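The structure appears right after this line, and notes come after that.
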Amino acid sequence: MDYSNLFPKVLFSYLIKIYLKNIILVLIIFLLLVFLVDFIEIYRRASEKVNFNYNNDNFISILIYLSFLKSPSTIKNILPISILISSVMTFIKWRQNNYFVIVRTIGISLKKTIFPLCILVLILGLLSIIFLHPLANYSNNKYKILEKKYFGHKVEESISLSKNGIWIRKKTNDGFLIIKAQNITNNKNLLNNVEIFKFDKNNNFINKIIANTASLYENTLLLQKGKNLDPKINNKSFNNFSIKLSNKFKTFNLSSEIAENMNLLELYDYILLMKKLGINYSNHLTQLLKELFQPLLIVSMILICAPLILKSNDRKFPLTIMCLTILIGFIIYFAVDFMNVLGSIEKLNPFIAGIGPVGISFFIGCYLVVAFDEIKK
């Protein structure tokens, strides 16, 4: 059997080069547009900062550098849309230049024709996970440090998770509290095995309090069964004790690390830590699944685009079909994001939210390709 007719290397290499050039072109265009928007936004924020030194010779270079640090995350986010647009561009060129007609005349089906392209974008997706995600995580952390330096505000409320427990910073009228808890109940309103360190406004340590549980009621922190280690009092044990806070809270706002700013290994370990501490990890698990299955999503874009664009041999520019294909791709892309949001807020099982839309898109793409080959036989 002559396998060169089944998979003509020269023709397929040429088609892959066309596709890769389109991907690079679309990525560069989108990246430049987003970079310009980011630069304008950072410049606007800098213009509102009274203490920002405009006379500094490095003023513009600082803003450009801050915008540049957001580029890896931008590439990661726009990759699926870039694959969609470049797929439409590529398949339209195939139609207009009769490349696909040539392929069909030598008996090669659509699924064999687009197989190299699927492998290409799958490799791009895997490279994105392996290399681009850690780079985006590094640049995001660098950006946050510089953002805090140039635009940051004084932190009044914060949270940190560690293997030793949950650490929460709460502001009071005369200072602030550092609260350490072993874990938290699912309703986010009851901390267990609590240690509280009180500080005044000058960051001077005042007192330590130990309690079995701590809960919130409006602007009061309610403690039960513990000890007040203040040396000024004699009766250190208590059944109930309260501390006034500066603001009203219904629950402890456990705004943990942003999932998008973590690489996949860190994110996986962080999910295990959140599970151990009793903190809801739906958002982080959904994000992890979204990132892992993104290569399959961009493959689905090709599977859906190819039969829609190539279903006619008419060499005229298929504006209607092109718009319809792009619309379908955007609908899929935003449906995936919408399902991820539902999973992150516990309205949907994280596994269904993270895997379901991608699996459905992949199944639809495979069905369209198979149906296309059956019709053409």
Inset, instruction - Please arrange Arg44, Arg95, Arg104 by counting, for each residue, the other beta carbons lying within 10 Å of its beta carbon, fewest first. - result: Arg44, Arg104, Arg95
Inset, instruction - For an R0 of 45 angstrom, estimate the FRET efficiency from the Cβ-Cβ distance between Phe205 and Ile352 and round to the nearest 0.05. - result: 0.40
Inset, instruction - Quick one: pull the percentage of alpha-carbon pairs in the range 158-249 with a separation above 17 Å. - result: 47 percent
Inset, instruction - Please report Phe100, Phe372 as a ranked list, fewest other C-beta atoms within 10 angstrom at the top and most at the bottom. - result: Phe372, Phe100
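Kyte-Doolittle mean at least -1.0 and Cα extent at least 27 Å along the axis: which DSSP H helices of the chain qualify?
Values: long enough: 9-47 (56 Å, 1.62); 71-96 (35 Å, 0.57); 319-344 (37 Å, 1.97); 350-376 (40 Å, 1.42).
Helix filter hits for the chain: 9-47, 71-96, 319-344, 350-376.
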Legend entry - Loop-resident sites, the range 112-185, for trypsin sites (Lys or Arg not before Pro), counting at most 12 other Cβ within 10 Å (DSSP): Lys154, Lys163
Inset, instruction - Give, as a single signed number, the net charge of other residues whose beta carbon lies under 12 Å from the beta carbon of Cys366, with Lys and Arg counted +1 and Asp and Glu -1. - result: 0
Inset, instruction - Note down the relative contact order for the chain as a percent, whole number, built from C-alpha pairs under 8 angstrom at least six residues apart. - result: 17 percent
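Just so you know, all these numbers are worked out from the coordinates, no wet-lab data involved. Quantities reported herein were computed from a predicted structural model and do not represent experimental measurements. With ideal geometry, Cβ positions are generated from the backbone for all residues, glycine too; neighbour counts draw on all protein chains shown.
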